[in-house]
Amino acid sequence: MELLLPNSLFFMLYFNKPYLTGNEIKYIQEAIIKQTSGNGFFTNKCHQYFQEKYGFKKVLLTTSCTDALEMAAILINIHPGDEVIIPSYTYVSTANPFVLRGAKIVFADSSPNHPNIDVDSIELLISPRTKALVIVHYAGMACNMDKLNKIVEKYNIFLIEDAAQAINSYYKNRPLGTFGNLSCFSFHETKNITSGEGGLLVINDEKLLKRAEIIWDKGTTRASFLRGEIDKYTWVDVGSSYSPSEMIAAFLLAQLESLMDIQKRRNYLWEKYYCNLQSYSNNDSFGLPQIPKYATHNAHIFYITCKNASTRNNLIHFLKEKNIQASFHYLSLHKSKFYSERHDCRILVNADFYTNCLLRLPLYIELTDQEINFVTDSIIEYYSLSN
């Protein structure tokens with residue numbers, strides 16, 4: 001097999017590169033002139049975009065997705081003794097906000113054919129203390145929302161969508177983020193659209209709308225005051241400084257204006273990876289992502305699954321020797337140093353499989369066809385040499 005090697009001696013195929021649309025600096029300069037603190041012109045423009053495009057009832061920009069999840073934990077009144085079910089195969093930010101409020105985390109396994117939560121295992125984890133179920137749409141691919149909605153309605157528990165990776169993804173033509181009582185998105189520099197750091201809280205539950213705005217602004221009624229609804233504002237609830245500066249919002253607005261172009265390119269690259277590797281993937285080599293019929297994906301991550309940890313680690317080293325950065329993902333949280341002693345000893349086979357075997361490949365919109373061919377040819381070469 002002949003590999004098309006890059007010509008440059010300084011070639012390095014990075015795992016991720018944030019994309020700039022060209023308007024970020026312009027909008028940041030405008031923000032510096034208009035207003036630098038949060039909840040100004042650019043924040044409102046971003047809020048308007050999300051509400052109009054996706055039909056979210058109310059949205060609030062935050063400084064991170066972690067902050068959005070912290071707001072969610074406060075809004076649903078998490079207290080010590082409450083239990084919250086989350087997938088083990090996720091980033092620690094999914095769990096931390098609820099741990100900080102005193103909750104006991106009950107970890108769920110992943111499904112056998114996808115890193116998303118194993119929906120069929122959830123009911124066995126519910127107890128009288130269960131307050132909420134937090135789901136993660138891994139790689140921007142939807143969980144089975146019909147089944148999940150039935151579960152949360154049956155047991156009268158809150159549903160929180162950790163949609164950090166799921167901007168512009170859908171379940172049966174309905175945008176992710178519209179299902180949970182609350183939903184949280186990320187605009188970290190590794191995401192499809194970015195503001196460096198940044199997040200979004202989506203409030204779909206009307207009972208939580210007013211309080212969300214208060215918590216967002218340090219527990220005060222300042223937002224109502226700025227709208228002229230009251231003649232002075234005061235401290236009425238717990239809260240913190242969750243709103244980002246106008247410079248962050250300005251950066252994000254530039255990205256949002258190019259979202260569909262970004263998505264078109266990322267989807268093209270994802271499909272090229274898939275087509276290049278499809279005929280070589282099987283049970284004896286590596287697996288490819290499986291997209292459920294009910295879900296779209298937003299090309300946030302392209303991953304393969306190796307047979308075992310040693311194969312995955314050897315492949316990472318093989319690609320590194322060719323100046324290709326590829327990366328594993330999460331360590332299952334139930335096996336983390338912090339939580340292993342608090343876990344109830346259940347073996348989460350699928351979460352551990354993805355911890356040991358999942359490998360993410362470079363994906364950013366400036367990748368070329370030649371570079372993707374180089375990555376996939378290198379993977380095929382590795383397996384050819386290993387057999």
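From the list N77, N39, pick out the single residue that is at pLDDT below 95, at positive phi and part of a loop (DSSP other than H, G, I, E, B). It is N39. Out of all the residues in the range 34-52, which are farther than 19 Å from N181 by Cβ and free of Cβ contacts under 8 Å to residues at least 12 places away in the same chain? Of everything in the range 34-52, those that are farther than 19 Å from N181 by Cβ and free of Cβ contacts under 8 Å to residues at least 12 places away in the same chain turn out to be N44, Q48, E52. Among the residues of the range 124-164, those identified as within 19 Å of K191 (Cα to Cα) and small (G, A, S) are A139, G140, A142, A163, A164.
Are any residues in the range 73-89 closer than 24 Å to L124 by Cα and touching a Gly at 6+ places or on another chain (Cβ under 9 Å), and if so, which ones?
I78, H79, P80, G81, D82
When C275 is tested against (1) farther than 25 Å from H188 by Cα; (2) under 19 Å from the mean Cα position of the chain (by Cα), just one condition goes unmet, and that condition is (2).
In the range 150-176, the residues that are closer than 13 Å to K131 by Cα and touching a residue at least 60 places away in the same chain (Cβ under 8 Å) form Cβ pairs under 6 Å with partners that are of a type outside the set (A, V, I, L, M) and assigned to a loop (DSSP other than H, G, I, E, B), at six or more places apart or across chains, as follows: F158/N181; I160/G180.
A single member of N192, N181 is modelled with pLDDT of 95 or more, of a type in the set (S, T, N, Q) and more than 26 Å from Y364 (Cβ to Cβ), and it is N181.
Does S281 count as modelled with pLDDT under 95 and within 23 Å of N373 (Cβ to Cβ)? Full working, then the answer.
Values: modelled with pLDDT under 95: yes; within 23 Å of N373 (Cβ to Cβ): yes.
So S281 fits the description; yes.
Among all residues of the range 373-381, there is none that is part of a loop (DSSP other than H, G, I, E, B) and either surrounded by 14 or more Cβ atoms within 10 Å (Cβ to Cβ) or not aliphatic (A, V, I, L, M) (or both). Look at (1) open to solvent by less than 20 Å² (accessible area, probe 1.4 Å); (2) outside any helix (DSSP H, G or I); (3) touching a Pro at 6+ places or on another chain (Cβ under 7 Å) and you find that I85 fails only one, number (3).
The values are calculated or read from the model by the stated rules, or taken from the named source; none is laboratory data. Keep in mind it's a predicted model, so treat the numbers as computed, not measured. Don't worry about glycine lacking a Cβ; one is built from the backbone with ideal geometry, like all the others, and counts go over all protein chains shown. SASA here: full protein model, heavy atoms, side chains in, ligands and nucleic acids out. Shrake-Rupley method; radii C 1.70, N 1.55, O 1.52, S 1.80 Å.
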